[in-house]
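Student: Below is the structure I would like to discuss, written out as structure tokens.
The values are calculated or read from the model by the stated rules, or taken from the named source; none is laboratory data. This is a predicted model, so every value here is computed, not measured. FYI the Cβ positions are ideal-geometry reconstructions off the backbone, even for glycines, and counts take in every protein chain you see. Ligands, DNA and RNA are excluded from the accessible area calculation, which covers all protein heavy atoms including side chains. Shrake-Rupley method; radii C 1.70, N 1.55, O 1.52, S 1.80 Å.
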Amino acid sequence: MSLRTRLFNIYWTLRGAIVPKLRYSQYSYEESLKRYVAPSVEWVEIGCGHSILPSWRANEERQLVKTCKAIFGIDYDLPSLKAHPNIAKKLRGDVTKLPFRNEAFDLVTANMVVEHLDNPDEQFREIGRILKSKGVFLFHTPNAFGYGVILSKVVPEWLKGKLIYLLEGRAEHDVFPTHYKANTEAQVRALAQANGFEVLQLDLLATDAIFAMLPPLAALELLWIRLLMTQPFRNLRTNMIVALRKAA
């Protein structure tokens, strides 16, 4: 058994004892996504990278892709785009100027991408342009008031990639600049109103510990997460799942 596996086993034991009801936010996002993917749906994944869902949900991702009428993926990072195994129609491009006609899609999605948007007002407007009337923009992103974002802002850039690799196993080349300009409830509601969207869903939720690989820190973090799951601490939860519908 590898050291990483042993550390994870310790973490699952701690999590079960301290926060038994905690759920990884990616599972909640996947459930939301399944509500909107149907055989008639034409879908584009913004910032598709090399996967729509985490790697261990590859079978579920393949099933989702097969369910819809058509799916396109767009990302600015060409190596990530080329590595995507489940989207056949892939384009390199920028969210600020999407290479699609007006009202082309029923669904636009973005999983851990909105935090990278540098001009969300313009980019939300562009997403609205390619959505059909009553089309949905669904995204999963960090909450700017969450402790993960606050910690990331004080960590030096030269150290950030190394820490992400240590804590998440994610390579440094898979880490991109963040801006957090559409990452609070107030920001999302203002952007929605300004760009012709109505808010269907705006969930603030806690997710698994950042320091899962460091058991003493993980235990303290899980105690904080337990507090986050109570209503008084709702605004400090770490993640957001948002569904916006383009007005008719």
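Student: Return the residue satisfying two criteria in turn: it lies in segment 126-153 and is part of a helix (DSSP H, G or I) and touching a strand residue (DSSP E or B) at 6+ places or on another chain (Cβ under 9 Å), and of such residues it is surrounded by the most Cβ atoms within 10 Å (Cβ to Cβ).
Tutor: Ile127
Student: Take the residues in segment 30-42 that are in contact with a Ser or Thr (Cβ under 9 Å, 6 or more places away or on another chain) and within 27 Å of Pro120 (Cβ to Cβ); name whichever of them is most open to solvent (accessible area, probe 1.4 Å).
Tutor: Out of the qualifying residues, it is Lys34.
Student: So which pairs qualify, if the first residue must be in segment 67-93 and farther than 21 Å from Leu33 by Cα, the second must be assigned to a loop (DSSP other than H, G, I, E, B), the Cβ gap must be under 6 Å, and the two must be at least 6 apart or on different chains?
Tutor: Every condition considered, the pairs that remain are Ser80/Gly49; Ser80/His50; Ala83/His50; Leu91/Pro99; Gly93/Pro99.
Student: Would you confirm, using the coordinates I've provided, whether Tyr11 is among the hydroxyl-bearing types (Ser, Thr, Tyr), surrounded by 13 or more Cβ atoms within 10 Å (Cβ to Cβ) and under 21 Å from the mean Cα position of the chain (by Cα)?
Tutor: No, not satisfied.
Student: Are there helices (runs of 4 or more DSSP H) fully within segment 1-88 with at least 1 residues that are hydroxyl-bearing (Ser, Thr, Tyr) and at pLDDT below 95? List them.
Tutor: Answer list for segment 1-88: 3-18, 78-83.
Student: Next question. Just checking, does segment 101-112 include any residue being hydrophobic (A, V, I, L, M, F, W, C) and either part of a helix (DSSP H, G or I) or exposed (fewer than 15 other Cβ atoms within 10 Å of the Cβ) (or both)?
Tutor: no
Student: Do you know which residues across segment 43-69 are open to solvent by 20 Å² or more (accessible area, probe 1.4 Å), out of contact with any helix residue (DSSP H, G or I) (no Cβ under 6 Å at 6 or more places or on another chain) and not β-branched (Val, Ile, Thr)?
Tutor: Of everything in segment 43-69, those that are open to solvent by 20 Å² or more (accessible area, probe 1.4 Å), out of contact with any helix residue (DSSP H, G or I) (no Cβ under 6 Å at 6 or more places or on another chain) and not β-branched (Val, Ile, Thr) turn out to be Gly47, Ser51, Ser55, Trp56, Arg57, Ala58, Asn59, Glu60, Arg62, Gln63, Lys66, Lys69.
Student: Count, please, the residues in segment 180-219 that happen to be open to solvent by 30 Å² or more (accessible area, probe 1.4 Å) and in a loop (DSSP other than H, G, I, E, B).
Tutor: The qualifying residues number 6.
Student: Could you please give the count of residues in segment 14-25 that are touching a strand residue (DSSP E or B) at 6+ places or on another chain (Cβ under 9 Å) and crowded, with 19+ Cβ neighbours inside 10 Å?
Tutor: 1
Student: Quick one: in segment 70-84, which of the residues that are closer than 15 Å to Ile46 by Cβ and not small (Gly, Ala, Ser) is most open to solvent (accessible area, probe 1.4 Å)?
Tutor: In this case the residue turns out to be Tyr76.
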